[in-house]
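In what follows, a structure is listed as structure tokens, so that the remarks can point back to it.
Every number here is computed from the coordinates shown, using simple stated rules; none is lab data. In this text, all values refer to a predicted model and were calculated from it rather than measured experimentally. A quick note on method: Cβ atoms are made from the backbone with ideal geometry, for glycine too, and the neighbour counts reach across all protein chains shown.
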């Protein structure tokens, strides 16, 4: 069985990756199980941070590695919070504080369109000259008040017009189907198949 190390400690993400790769007889191993320390994300783009994390995991473990970086981009704020989505309101990380800050920032504007973005990067080795990069985007807008109890992060204020609901009001299977990460994973799978990696 082939093995891939995942540069994440997020159990939800890891489970999602494990389900997809299991059908190809590929074992997905969280970086913590292999003693890989978390690494800073020093870059200003999602793709650079994903590549940085993937190369780090591959270097430490000697295994192929997969990393992602994702966040919410709000048009009226020039793409903010972007790569800083998880810590938008500072430390310690707090979904509620992030939501409160974002709603405050948008209090005087009607321009509320936004999108969730996910960058996935796969490397065969730490020096892989051709990383495989996939991305996923889901468009929506920011509501004035939170609604719904599913999901996490900004889901209660991210409105998806197609379903007339916030991401936090969607059933998990629907959310996973349309999510930025779900779309990026489909693209990654297709690219890995085309490259004869899986």
Would you say residue 108 is over 19 Å from the mean Cα position of the chain (by Cα) and either free of Cβ contacts under 8 Å to residues at least 24 places away in the same chain or on the phi > 0 side of the Ramachandran plot (or both)? yes
Applying the selection to the range 158-171, what residues are part of a loop (DSSP other than H, G, I, E, B) and within 21 Å of the chain's Cα centre (by Cα)? 170, 171
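Per-residue answers, yes or no, for (1) within 18 Å of the chain's Cα centre (by Cα); (2) surrounded by 15 or more Cβ atoms within 10 Å (Cβ to Cβ); (3) in a loop (DSSP other than H, G, I, E, B); (4) free of Cβ contacts under 8 Å to residues at least 60 places away in the same chain:
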residue	(1), (2), (3), (4)
130	no, no, yes, yes
140	yes, yes, no, yes
146	no, yes, yes, yes
151	yes, yes, yes, yes
156	yes, yes, no, yes
173	yes, no, no, yes
192	no, yes, no, no
